[in-house]
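K.L.:
Please see the structure below; I have some questions.
The values are calculated or read from the model by the stated rules, or taken from the named source; none is laboratory data. Quantities reported herein were computed from a predicted structural model and do not represent experimental measurements. No Cβ is skipped: glycine too gets one built from the backbone with ideal geometry, and neighbour counts run over all protein chains shown. Accessible surface is based on the protein model in full, side chains and every heavy atom, while ligands, DNA and RNA are left aside. Shrake-Rupley method; radii C 1.70, N 1.55, O 1.52, S 1.80 Å.
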Amino acid sequence: EADIYQTPRYLVIGTGKKITLECSQTMGHDKMYWYQQDPGMELHLIHYSYGVNSTEKGDLSSESTVSRIRTEHFPLTLESARPSHTSQYLCASSESGGGYTDTQYFGPGTRLTVL
Amino acid sequence: AQKVTQAQTEISVVEKEDVTLDCVYETRDTTYYLFWYKQPPSGELVFLIRRNSFDEQNEISGRYSWNFQKSTSSFNFTITASQVVDSAVYFCALRGFQGAQKLVFGQGTRLTINP
């Protein structure tokens, strides 16, 4: 089981502010992911990374950006928050190698509210 | 394209009843992986099980059991003698073997166990 951490757990912020959601994992996983989820609804992949300096956009278009400078760290940034960004953001990580070992483990999530 | 359908949006049962959550998937991959995750009210996604497409053996873990049938493209999840702590949203997910190997989630089933 992966140890994966997200901060903050809850964030209430005004429109137009710049925010960064932090995600860190201590298992040395190469692959990391960001999902967006409205409460109780399905998850949508918005960003993923297969290693340092590698980032890709997911299936759901997002105004957020990500970076992967260190293996263990995968922050997500919103340059100018809007009410439409209100959602839960879940970070996940998995091993490389594909196949049987590639199970994604999730962090506790950040619940973002933009007023 | 890959797709996961959880037709049961919400299920409500009385404690100690058995309950089955349905999951139907679509994929053209011959090798693929199926997952179940639990999301309690606290919001994190908890990994429950992974099943490979070439292993149709059913699995039992305590009160949980999973029935994988390739012939009907289903991967159903049964909780025996349900408990209040089982109340959560449950997600079924599918990942192909090739390409970006992204997880595709179903819409989730909200399970409420009443005392």
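K.L.:
Just wondering, is there one or more residues in the range A:45-56 that are within 12 Å of chain B (Cβ to nearest Cβ), open to solvent by 40 Å² or more (accessible area, probe 1.4 Å), of a type in the set (Val, Ile, Thr) and over 12 Å from the mean Cα position of the chain (by Cα)?
P.N.:
No, the range A:45-56 contains no residue that is within 12 Å of chain B (Cβ to nearest Cβ), open to solvent by 40 Å² or more (accessible area, probe 1.4 Å), of a type in the set (Val, Ile, Thr) and over 12 Å from the mean Cα position of the chain (by Cα).
K.L.:
Another one. Residue B:54 is checked against (1) more than 10 Å from chain A (Cβ to nearest Cβ); (2) under 25 Å from residue A:37 (Cβ atoms); (3) more than 11 Å from the chain's Cα centre (by Cα) and fails just one. What number does that condition carry?
P.N.:
With respect to (1) more than 10 Å from chain A (Cβ to nearest Cβ); (2) under 25 Å from residue A:37 (Cβ atoms); (3) more than 11 Å from the chain's Cα centre (by Cα), residue B:54 is out only on (2).
K.L.:
If we scan the range B:27-49, do we find a residue that is more than 14 Å from chain A (Cβ to nearest Cβ), open to solvent by less than 60 Å² (accessible area, probe 1.4 Å), in contact with a strand residue (DSSP E or B) (Cβ under 7 Å, 6 or more places away or on another chain) and in contact (Cβ under 8 Å) with a residue 40 or more places away in the chain?
P.N.:
Looking for residues that are more than 14 Å from chain A (Cβ to nearest Cβ), open to solvent by less than 60 Å² (accessible area, probe 1.4 Å), in contact with a strand residue (DSSP E or B) (Cβ under 7 Å, 6 or more places away or on another chain) and in contact (Cβ under 8 Å) with a residue 40 or more places away in the chain, one finds at least one in the range B:27-49, hence yes.
K.L.:
Could you check, for the range A:75-82, whether at least one of its residues is among the hydroxyl-bearing types (Ser, Thr, Tyr), within 12 Å of another protein chain (Cβ to nearest Cβ) and in a strand (DSSP E or B)?
P.N.:
no
Quick grid of which residues meet (1) more than 12 Å from every other protein chain (Cβ to nearest Cβ); (2) assigned to a strand (DSSP E or B); (3) in contact with a Phe, Trp or Tyr (Cβ under 9 Å, 6 or more places away or on another chain); (4) surrounded by 13 or more Cβ atoms within 10 Å (Cβ to Cβ):
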position	(1), (2), (3), (4)
A:16	yes, no, no, no
A:21	yes, yes, yes, yes
A:28	yes, no, no, no
A:61	yes, no, no, no
A:84	yes, no, no, no
A:88	no, yes, yes, yes
A:92	no, yes, yes, yes
A:108	no, no, yes, yes
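K.L.:
Let me ask another. If residue A:69 satisfies every condition in (1) free of Cβ contacts under 8 Å to residues at least 24 places away in the same chain; (2) open to solvent by less than 70 Å² (accessible area, probe 1.4 Å) but one, which is the exception?
P.N.:
Among (1) free of Cβ contacts under 8 Å to residues at least 24 places away in the same chain; (2) open to solvent by less than 70 Å² (accessible area, probe 1.4 Å), the lone unmet condition for residue A:69 is (2).
K.L.:
What's the number of the condition residue A:40 fails, among (1) at positive phi; (2) in contact with a Pro (Cβ under 8 Å, 6 or more places away or on another chain)?
P.N.:
Residue A:40 satisfies every listed condition except (2).
Here is a yes/no grid of residues against (1) closer than 22 Å to residue A:90 by Cβ; (2) open to solvent by 40 Å² or more (accessible area, probe 1.4 Å); (3) touching a residue at least 60 places away in the same chain (Cβ under 8 Å); (4) among the aliphatic types (A, V, I, L, M):
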residue	(1), (2), (3), (4)
B:19	no, no, yes, yes
B:60	no, yes, no, yes
B:87	yes, no, no, no
B:90	yes, no, yes, no
